[in-house]
Amino acid sequence: MKPFFITTAIDYTNGAPHIGHAYEKVLADVLARYQRLRGREVFFLTGVDQHGQKVQQSAEKAGVAPAEFVAGITEKFRALWTKLDISYDGWAATTDAAHKAAVQTLLQRLFDEGQLYKAAQKGFYSVRQEQFLTEKERGPDGTFGAEWGEVVELEEENYYFRLAEHRDWLLAYIDAHPGFITPDFRRAELRNAVEKLSGDLCVSRPKSRLAWGIEFPFDPEFVTYVWFDALVNYISFAPGFDPQSKAQNPEFAALWPALHVIGKDIMVPAHGVYWPIMLRAIGFSDEEMPALLVHGWWNISGEKMSKSVGNVVDPAALADQFGPAAVRYYLVADIATGQDADFSPERLIQRYNVDLANGFGNLLNRTLNMAQRYRGGALAPVAAPSEDVQTLRAENFNDAAVYREKFDAFKVHQALEAFAAIVTRANVFVDTSAPWKLAKDPTAAARLDEVLVALVESVHLAATLLLPILPDKAHAALAQLQLAPAPLDAPAVLTASHQLGAPEPLFPRLETPAAS
Ligand code: MSP
């Protein structure tokens with residue numbers, strides 16, 4: 001099977017990481033770990049987007065050089081990914097010398113092939129916002145609003161990428177390849193945007209306006225602007241990529257194409273329009289186009305998180321307060337992939353307590369406790385189990401199949417519902433089979449054996465399904481069970497006698513912090 005090449009957006013380093021950044025990285029990490037669990041080779045790429053106007057401005061405000069400014073913020077991102085156990089294989093930092101060289105080589109090639117050209121643009125320019133304004137920015141009274149500050153008429157030369165000439169190809173590509181975008185409902189949105197596409201894409205800024213960027217190799221008076229630099233990370237940091245040639249190295253070809261995990265705000269136009277067209281211009285075929293997994297947003301009380309509103313949630317502080325497992329679990333369990341969700345610390349605590357402390361954690365603990373108390377932790381395989389045990393096994397296996405199917409469709413929240421169903425079923429089975437009664441009845445020894453085995457099989461499967469979400473906790477659970485991960489393609493059946501380890505609580509309940 002082809003390796004699984006998964007990327008996230010690279011995060012802007014103009015400010016500290018927030019819960020939205022964390023969600024995307026946890027989502028990609030969980031998908032990467034699921035594929036590894038299934039035995040597939042994975043390359044997981046994430047990183048930071050370090051150039052551009054916003055960074056230059058933030059650095060100026062902070063009174064430090066841009067390079068120093070981005071180094072500090074980059075460190076915050078890396079520390080957060082370590083804290084949240086993000087298992088990335090490649091780190092894409094756009095100030096990296098190899099990345100800059102790749103971008104420059106590609107610019108030169110596209111220029112030589114006539115895909116880039118220089119042209120003058122005359123228009124209205126906001127000095128405060130440092131950008132050209134379009135008719136859209138004009139108010140009903142014909143003037144530009146006060147938020148733009150002083151607006152002057154300006155003529156400026158820049159480099160343009162021939163976007164529009166690929167429009168019809170992209171429309172046909174989208175129609176013929178429904179797998180290009182997940183979820184489905186985003187396809188129409190992208191299609192509409194492509195249909196409206198008319199002009200070419202300005203990919204430069206004069207150095208006098210923006211110095212913090214990658215220089216054009218054939219014109220040092222200009223730097224590349226935002227997307228041309230940032231999008232290229234997906235290939236420049238892929239092992240074996242050769243920017244010189246249209247035909248790719250076997251090492252790169254073995255890995256590519258990637259699945260890009262991105263937020264809904266950067267599908268149109270960047271990832272859905274610019275990127276496939278850039279790749280095509282570079283020489284990629286239709287078969288070499290990447291796929292997009294477009295996720296929704298975490299909002300706060302229905303509102304967008306923003307520094308000015310002051311409702312930005314710091315994921316590092318959250319992990320310190322509740323533990324990284326609670327944060328990881330909440331971020332993928334309480335949102336439907338593709339949809340928005342509302343962040344609330346109360347929900348985080350509730351999901352953790354219900355699903356993990358009272359659910360899985362309790363099941364693991366009581367199963368091990370009973371097995372230790374009644375059998376010294378030694379389990380005997382059961383040759384012909386009772387009907388209820390067989391049903392339990394069959395239903396568990398069915399849930400494992402649902403889990404796989406949902407994960408393969410990137411619906412992590414629904415895969416977790418299958419995990420929770422196994423846990424609930426087993427906890428109910430404890431109550432209905434009442435092992436504490438069986439233990440008192442010498443004639444029920446065989447029944448107690450099969451009940452304990454059935455419970456261990458259930459918790460074994462549940463722990464395995466938890467591996468991609470909470471790797472540390474799931475490994476600790478497997479260590480207590482003294483078992484390797486269960487197979488997902490066949491019922492998890494204990495076929496030989498087995499010695500369990502000692503129980504140790506894994507998910508202490510979280511208390512709601514007292515209102516201050
Ligand atoms: N640097 C660009 C991406 C370049 S990719 C070649 C960028 N950076 S960002 O820091 O603004 O956003 C990084 C990712 O976080 C994006 O995918 C964005 O959609 C996502 N999120 C930002 N805020 C978010 C939420 N509130 N919720 C979920 N994800 C959000 O865009």
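Things worth noting here:
- When residue 237 is tested against the conditions (1) touching a strand residue (DSSP E or B) at 6+ places or on another chain (Cβ under 6 Å); (2) over 17 Å from residue 100 (Cα atoms); (3) open to solvent by 20 Å² or more (accessible area, probe 1.4 Å), the lone failure is (2).
- The range 238-274 - residue that is part of a helix (DSSP H, G or I) and of a type in the set (D, E, K, R) and, of those, farthest from residue 293 (Cα to Cα): 251
For every residue, the table says whether it meets (1) closer than 30 Å to residue 264 by Cβ; (2) over 38 Å from the mean Cα position of the chain (by Cα).
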site	(1), (2)
334	yes, no
351	yes, no
355	yes, no
374	no, yes
377	no, yes
396	no, no
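- Any helices (runs of 4 or more DSSP H) falling wholly within the range 379-449 and containing at least 3 residues that are open to solvent by less than 60 Å² (accessible area, probe 1.4 Å) and not hydroxyl-bearing (Ser, Thr, Tyr): 387-408, 412-433
- Residue pairs whose Cβ atoms lie under 8 Å apart, sitting 6 or more positions apart in sequence or on different chains, and linking a residue in the range 294-305 that is open to solvent by 20 Å² or more (accessible area, probe 1.4 Å) to a partner that is of a type in the set (Asp, Glu) and near the ligand (Cβ under 7 Å from one of its atoms), are 297/265.
- When 25, 2, 54 are checked against the criterion of being in contact with a Gly (Cβ under 9 Å, 6 or more places away or on another chain) and either in contact (Cβ under 8 Å) with a residue 12 or more places away in the chain or within 15 Å of the ligand (Cβ to nearest atom) (or both), 54 stands alone in meeting it.
- Cβ pairs under 6 Å, 6+ apart, first in the range 249-264 and within 30 Å of residue 304 (Cα to Cα), second in a helix (DSSP H, G or I) and of a type in the set (Gly, Ala, Ser): 261/28
- Contact map, the range 72-96: first residue within 15 Å of residue 10 (Cβ to Cβ), second residue assigned to a loop (DSSP other than H, G, I, E, B) and of a type in the set (A, V, I, L, M), Cβ cut-off under 6 Å, separation 6 or more or different chains; pairs are 76/16; 92/10.
- Only residues that are in contact with a strand residue (DSSP E or B) (Cβ under 9 Å, 6 or more places away or on another chain) and open to solvent by 60 Å² or more (accessible area, probe 1.4 Å) were counted across the range 129-138, and they come to 3.
- Test: residue in the range 322-341 that is in contact (Cβ under 8 Å) with a residue 24 or more places away in the chain, open to solvent by less than 20 Å² (accessible area, probe 1.4 Å) and of a type in the set (D, E, K, R): yes
- Members of the range 77-100 that are more than 18 Å from the chain's Cα centre (by Cα) and either under 24 Å from residue 314 (Cα atoms) or open to solvent by less than 40 Å² (accessible area, probe 1.4 Å) (or both): 94, 99
The values are calculated or read from the model by the stated rules, or taken from the named source; none is laboratory data. Everything quoted here is computed from the prediction, not taken from an experiment. In this analysis, Cβ positions are derived from the backbone assuming ideal geometry, glycine residues included, and neighbour counts consider all displayed protein chains. Just the protein is used for accessible areas: all its heavy atoms, side chains included, with ligands, DNA and RNA removed. Shrake-Rupley method; radii C 1.70, N 1.55, O 1.52, S 1.80 Å.
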